[in-house]
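Undergrad: I'd like to ask you about the structure that follows.
The values are calculated or read from the model by the stated rules, or taken from the named source; none is laboratory data. This structure is a prediction, so every number in the text was calculated from the model and none was measured. Reconstructed Cβ throughout: ideal geometry from the backbone, glycine too, with neighbour counts over all protein chains shown. Ligands, DNA and RNA are stripped out before the accessible areas are found, and what is left, the full protein with its side chains, is counted by its heavy atoms. Shrake-Rupley method; radii C 1.70, N 1.55, O 1.52, S 1.80 Å.
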Amino acid sequence: MDRYDPLKIEQKWQKIWAETEAFKAGPIDEKLPNGDPKPKKYLAEMFPYPSGAGLHVGHVRNFTIVDVLARFYTQQEMNVLRPFGYDTFGLPAENYAIKTGISPQSATATNIANFRKQAQKLGYAIDWSREINTSDPEYYKWTQWCFLQLYKAGLAYQKESYQWWCPVDQTVLANEQVENGHCWRCGSEVEKKKMKQWFFKITAYADELLDGIDALDWPDKIKTMQKNWIGRSEGAEVDFQIADKDENITVFTTRPDTLFGATFLVLAPEHPMVSELATPATAEKVKQYCQDALKKSEIERQENKEKTGVFTGSYAINPASGEKIPIWVADYVLIGYGTGAVMGVPFGDERDFEFAEKFDLPVIQVIEAPDNSPESSRFYHGEGTLVNSAQFNGTRTEDAREQIVAWLEERGLGRPKVTYKMRDWLISRQRYWGCPIPIAYDKDGNAHPIPEDQLPVMHPEIEDYKPDDSGRSPLAKAEDWLKVTLKDENGNDIECIRETDTLDGYACSSWYLWRYVSPHDDQAAWDPEAIKYWAPTDIYVGGDHAVAHLLYVRFWCKFFADQGYLPFREPIKKLLYNGYINAPDGKKMSKSKGNVIDPLEVIESGYGADTLRTYEMFIGPYDQDAAWNTEAIGGVYRFLNRCWTIVFNPEKNAADLSADDLAARKTLRHKTIKKVTEDIHRCSFNTAVAALMEFVNNIFAAPLDEDKIALAKLLKPFAPHLASEMLEKLGSDDVWPTWDESALAADTVEVVVQVNGKLRAKLSVSPDLLSDADQLQALALADANVQKFTAGREIRKVIIPKAAKLINIVV
RNA sequence: GGGCGAGUGGCGGAAUUGGUAGACGCGCUAGACUCAAAAUCUGGUUCUCGCAAGGGAGUGAGGGUUCGAUUCCCUCCCCGCCCACCA
């Protein structure tokens, strides 16, 4: 007798799917049989970086979620776009090249081939005709085009500033790539370095990026993280005149109501006015302090919250009180936020209070807390009424904020101001393996865009990938490639040198979801008709990049919508943020710990791809982390084996069911169809699989043909090879089954009887009785066990809720 | 320090709108098949008292609302993640 042989079945169907191009998305004008346009679903995972290690179980979870949904919607006769691609630029390939001498181009090609082969072994319903690769000139030509659009609109610009610099990878990093003062890639401590760099002006969209978050069908966790990252705060700028000088220092504050309590000013060490404010007596000390602060790593600045600072020797005038107040320099003030200068209000701000205590600066109480407030009187940052604030005394702090700003504004000393924690996106990288920036410089150093008809700026092949601390990328070594002749507006030649920095990889991934709609288009980044039909992406699945990538895609979407290239302003309708799969010991899988589970080994050990896929869906809720359980996967295999037996083992086919059994079976079948359908809709994949297991346990001894067909159809998104084999044997199509509400009602229903909320009996009654409260109550009270608890007591209340088959007797 | 999420049997987890706590799976266990084992099949499996029928306890701890709370509210404990001198 045959046995369930997953590897044989899977090979057979993978071959059929490849030969028939089974998962090619339909045309954008595809019609239903009745002539209506076919509804579409566009699903995608966050495309992988194809590492040399191949797919890991985390990829499998991520891709399988997309695959279950893609197959589910396909079986529901929708036009499904389920593409796949590779995010190939980046440091690992380059570091590998430095170590081995194998070029990133060649390593990438090898890794892609391996990833493709592995994804095919998992039976994914991918439209392979749409494969993309960000380091392919056909693709990065259009990344460069996107850059030029941003450049033309003034949203790509150069600025000299202090930047995070990773001394090991020898490149600058974006804020988002610095984690706790360490490089996100190599983990080494980062430094600040002053350099001229390219930026995208993401802050131009700060408000829209923030305001759009609430309406997104995304996990709250991600939404909160994005909000915090943008970090909008409303306040005011206030100008403090420098004493005896005709110059101002402008500060940002969210608490203008406490202005009268400002007893000093503090500037960040990097503030441009610091050296000018130092007096001959303090100059040496100030200079020393600023140099030390710059040298200090961000770690040290963060870890050591003990306030430090130095007096500049200069004074400013508090515009409200007219008092002369000292100007200090301290590293607790950050140059990148607000104006890089703050007013010190020790009474109203804990940090300013610590600073004032340490350096013996005066504290003026400016807020009186409400009587019942337990706050200490030494400082208080809550709401209250103003004191020691001249004409504003007695005003509530909430009102005073507006009034004081208005008062300042009338006198030209201040204005309302909104600031953001989010900075512009630093995009230049001094590395080889990235998309070349399509810019060249003339002999005077002026930047010129490369004309669109000369794209792509090809990535030059070089021998030596090593970066150095020159601040220039290895591209500078490609001498022939460097030189380019451009034309000025009069048609005269300009000799130029190309930009040698490359683009942050996040730029490449900021638009790939749109490339998928027309991946081989050589006329445009994306086809306007195709984008109108397919985009925005309906469901996007990933477990990483909560802020960076997912914020950048939204930014580019809004930008290209403004340019008229996209007919929508949010790129992703629904986001599924899947959890990690950890090692059996609950720790993160890592090569060094030797606890990595290799999905290909799981498949080839005999379990097959269907078991692996189904197990990863069954392992727990998709959005929670889960630990791999080497034994539990056997349970899923046994389940699929039973599915196989039901269809292929004829001995189990003899059904000899009574009329009652047949009716109960019909109810069960329709219930299961409903449960699985609804569970997939709400992405509760683990309970959908559980419902199928329950169904199989119930029908196993005597399956009907209808049961087998329903089972195979419902199973197909999870275990597509086995289900296809079953459907072929059964001679059935794979159209998703529907349930009949009327078939869900069983002949008898169970009603639970509680006395004082405790379960005392279960009654089996006809469904008609559910609406007959009196008779139900009579039946319940007649039950022997119920009477044990009601005997001799007065029945005070009987509750029969509509929503539940339950009766609660209160005595 | 701030924000978010979570805490349910030996384990992973289920309970969708306040209505039978523990679905499904692992593990364990008894039986069938077998010379035997594996595989497979059929039962049992929260703890506890009881031969059983049945009783008592029970969703991190304590309190509250309710006829009824894993679910809602308050206080606290522990774990995980994210942000963190952002004025």
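Undergrad: Consider A:Ala236 carefully, then state whether it is touching a Pro at 6+ places or on another chain (Cβ under 6 Å) and either open to solvent by less than 20 Å² (accessible area, probe 1.4 Å) or modelled with pLDDT of 95 or more (or both).
TA: Here the answer is yes, as A:Ala236 does meet what is asked.
Undergrad: Within segment A:276-327, take every residue that is at pLDDT below 90, assigned to a helix (DSSP H, G or I) and open to solvent by 80 Å² or more (accessible area, probe 1.4 Å) and give me the one that is farthest from RNA strand B (Cβ to nearest atom).
TA: A:Gln291
Undergrad: Please go through segment A:540-585 and pick out each residue that is polar (S, T, N, Q) and either farther than 25 Å from A:Gly620 by Cβ or surrounded by fewer than 20 Cβ atoms within 10 Å (Cβ to Cβ) (or both). First the steps, then the outcome.
TA: The first filter runs over segment A:540-585 and keeps only residues polar (S, T, N, Q), leaving A:563, A:578, A:582.
Result: A:Gln563, A:Asn582.
Undergrad: Determine if segment A:686-698 includes at least one residue that is outside any helix (DSSP H, G or I) and either more than 33 Å from the chain's Cα centre (by Cα) or over 23 Å from A:Ala70 (Cα atoms) (or both).
TA: no
Undergrad: When you look at A:Leu513, is it within 16 Å of RNA strand B (Cβ to nearest atom) and either in contact with a strand residue (DSSP E or B) (Cβ under 8 Å, 6 or more places away or on another chain) or open to solvent by less than 10 Å² (accessible area, probe 1.4 Å) (or both), yes or no?
TA: In short, no.
Undergrad: Which residue out of A:Ala609, A:Ala664, A:Ala690 is more than 8 Å from RNA strand B (Cβ to nearest atom) and under 20 Å from A:Arg61 (Cα atoms)?
TA: The unique qualifying residue is A:Ala609.
Undergrad: Would segment A:26-42 turn up any residue that is touching a strand residue (DSSP E or B) at 6+ places or on another chain (Cβ under 8 Å), within 30 Å of A:Lys532 (Cβ to Cβ) and of a type in the set (Ser, Thr, Tyr)?
TA: yes
Undergrad: Another question, if that's okay. Name the residues in segment A:462-482 that are in a loop (DSSP other than H, G, I, E, B) and either open to solvent by 80 Å² or more (accessible area, probe 1.4 Å) or touching a Cys at 6+ places or on another chain (Cβ under 6 Å) (or both), would you?
TA: Those that are in a loop (DSSP other than H, G, I, E, B) and either open to solvent by 80 Å² or more (accessible area, probe 1.4 Å) or touching a Cys at 6+ places or on another chain (Cβ under 6 Å) (or both): A:Glu463, A:Lys466, A:Asp469, A:Arg472.
Every residue, every condition in (1) at positive phi; (2) within 7 Å of RNA strand B (Cβ to nearest atom); (3) surrounded by 16 or more Cβ atoms within 10 Å (Cβ to Cβ), yes or no:
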| residue | (1), (2), (3) |
| --- | --- |
| A:Ala773 | no, no, no |
| A:Ala778 | no, no, no |
| A:Ala784 | no, no, no |
| A:Gln787 | no, no, no |
| A:Glu794 | no, no, no |
| A:Ile799 | no, yes, no |
| A:Lys802 | no, no, no |
| A:Lys805 | no, yes, yes |
| A:Ile809 | no, no, yes |
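Undergrad: How many residues are under 28 Å from A:Phe147 (Cβ atoms) and more than 16 Å from RNA strand B (Cβ to nearest atom) if we restrict to segment A:210-245?
TA: Qualifying residue count, segment A:210-245: 2.
Undergrad: Another one. Can you tell which of A:Phe568, A:Phe618, A:Phe560 is away from RNA strand B (no atom under 15 Å from the Cβ), in contact (Cβ under 8 Å) with a residue 40 or more places away in the chain and of a type outside the set (Val, Ile, Thr)?
TA: Only one candidate qualifies: A:Phe560.
Undergrad: Regarding segment A:47-58, can at least one residue be identified that is part of a helix (DSSP H, G or I) and not polar (S, T, N, Q)?
TA: Taking every residue of segment A:47-58 in turn, at least one turns out to be part of a helix (DSSP H, G or I) and not polar (S, T, N, Q).
Undergrad: Being in contact (Cβ under 8 Å) with a residue 60 or more places away in the chain and either among the β-branched types (Val, Ile, Thr) or out of contact with any Lys or Arg (no Cβ under 7 Å at 6 or more places or on another chain) (or both) is the filter here; which residues of segment A:143-158 pass it?
TA: A:Thr143, A:Gln144, A:Trp145, A:Cys146, A:Phe147, A:Leu148, A:Gln149, A:Leu150, A:Tyr151, A:Lys152, A:Ala153, A:Ala156
Undergrad: Hey, A:Asp768 hits all of (1) open to solvent by 70 Å² or more (accessible area, probe 1.4 Å); (2) within 12 Å of RNA strand B (Cβ to nearest atom) but one; which does it fall short on?
TA: Only one criterion in (1) open to solvent by 70 Å² or more (accessible area, probe 1.4 Å); (2) within 12 Å of RNA strand B (Cβ to nearest atom) is unmet by A:Asp768, namely (2).
Undergrad: Can you tell me which residue within segment A:1-18, out of those that are closer than 16 Å to A:Tyr637 by Cα and either in a helix (DSSP H, G or I) or among the aliphatic types (A, V, I, L, M) (or both), is most open to solvent (accessible area, probe 1.4 Å)?
TA: It comes out as A:Lys8.
Undergrad: Are there any pairs with C-beta distances below 9 angstrom linking a residue in segment A:654-672 that is within 17 Å of A:Ser766 (Cα to Cα) to a residue that is in a helix (DSSP H, G or I) and at pLDDT below 90, with the two at least 6 apart or on different chains, and if so which?
TA: Listed by first residue and then by second, the contacts come to A:Thr667/A:Ala743; A:Thr667/A:Leu744.
Undergrad: A further question follows. Among the residues of segment A:675-684, are any modelled with pLDDT of 85 or more, surrounded by fewer than 15 Cβ atoms within 10 Å (Cβ to Cβ) and of a type in the set (Gly, Ala, Ser)?
TA: No, that holds for no residue.
Undergrad: Looking only at segment A:752-763, which residues are in contact (Cβ under 8 Å) with a residue 40 or more places away in the chain, near RNA strand B (Cβ under 8 Å from one of its atoms) and closer than 30 Å to A:Ser658 by Cβ?
TA: The answer is A:Val752, and nothing else.
Undergrad: I'm trying to understand the selection: among the residues of segment A:171-208, which are in a loop (DSSP other than H, G, I, E, B) and either open to solvent by less than 40 Å² (accessible area, probe 1.4 Å) or within 16 Å of RNA strand B (Cβ to nearest atom) (or both)?
TA: Of the residues in segment A:171-208, the ones in a loop (DSSP other than H, G, I, E, B) are A:174, A:180-181, A:184-188, A:190, A:201.
Once the filter is applied, which keeps residues that are in a loop (DSSP other than H, G, I, E, B) and either open to solvent by less than 40 Å² (accessible area, probe 1.4 Å) or within 16 Å of RNA strand B (Cβ to nearest atom) (or both), segment A:171-208 yields A:Ala174, A:Asn180, A:Gly181, A:Trp184, A:Arg185, A:Gly187, A:Ser188, A:Val190.
Undergrad: Now a separate question. I need the full set of residues from segment A:697-721 which are among the hydrophobic types (A, V, I, L, M, F, W, C), over 19 Å from A:Ala746 (Cα atoms) and either at pLDDT below 95 or within 15 Å of RNA strand B (Cβ to nearest atom) (or both), in order please.
TA: Within segment A:697-721, A:Phe700, A:Ala701, A:Ala702, A:Leu711, A:Leu714, A:Leu715, A:Phe718, A:Ala719 qualify.
Each row is one residue, and each column tells you yes or no for (1) farther than 30 Å from A:Leu155 by Cα; (2) in contact with a His (Cβ under 9 Å, 6 or more places away or on another chain).
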{"position": "A:Ala524", "(1), (2)": "no, no"}
{"position": "A:Ile539", "(1), (2)": "no, no"}
{"position": "A:Pro567", "(1), (2)": "no, no"}
{"position": "A:Ile572", "(1), (2)": "no, no"}
{"position": "A:Gly579", "(1), (2)": "yes, no"}
{"position": "A:Val596", "(1), (2)": "yes, yes"}
{"position": "A:Glu601", "(1), (2)": "yes, no"}
{"position": "A:Glu616", "(1), (2)": "yes, no"}
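Undergrad: Sort out which residues of segment A:49-67 are open to solvent by less than 20 Å² (accessible area, probe 1.4 Å) and touching a helix residue (DSSP H, G or I) at 6+ places or on another chain (Cβ under 6 Å), and write them in order of number.
TA: A:Pro50, A:Gly54, A:Leu55, A:Val57, A:Val60, A:Arg61, A:Thr64
Undergrad: Return the total of residues in segment A:558-583 being assigned to a loop (DSSP other than H, G, I, E, B) and either hydroxyl-bearing (Ser, Thr, Tyr) or in contact with a helix residue (DSSP H, G or I) (Cβ under 7 Å, 6 or more places away or on another chain) (or both).
TA: Result for segment A:558-583: 10.
Undergrad: Run A:Thr485 past the list (1) modelled with pLDDT under 95; (2) of a type in the set (Val, Ile, Thr); (3) not in a strand (DSSP E or B) and report the number of the one that doesn't hold.
TA: Only one criterion in (1) modelled with pLDDT under 95; (2) of a type in the set (Val, Ile, Thr); (3) not in a strand (DSSP E or B) is unmet by A:Thr485, namely (3).
Undergrad: Any residue in segment A:443-454 that's farther than 12 Å from A:Phe147 by Cα: show its pairings with residues that are surrounded by 12 or more Cβ atoms within 10 Å (Cβ to Cβ) and polar (S, T, N, Q) at Cβ separation under 7 Å, as long as the two are six or more apart or on different chains.
TA: A:Ala447/A:Gln158
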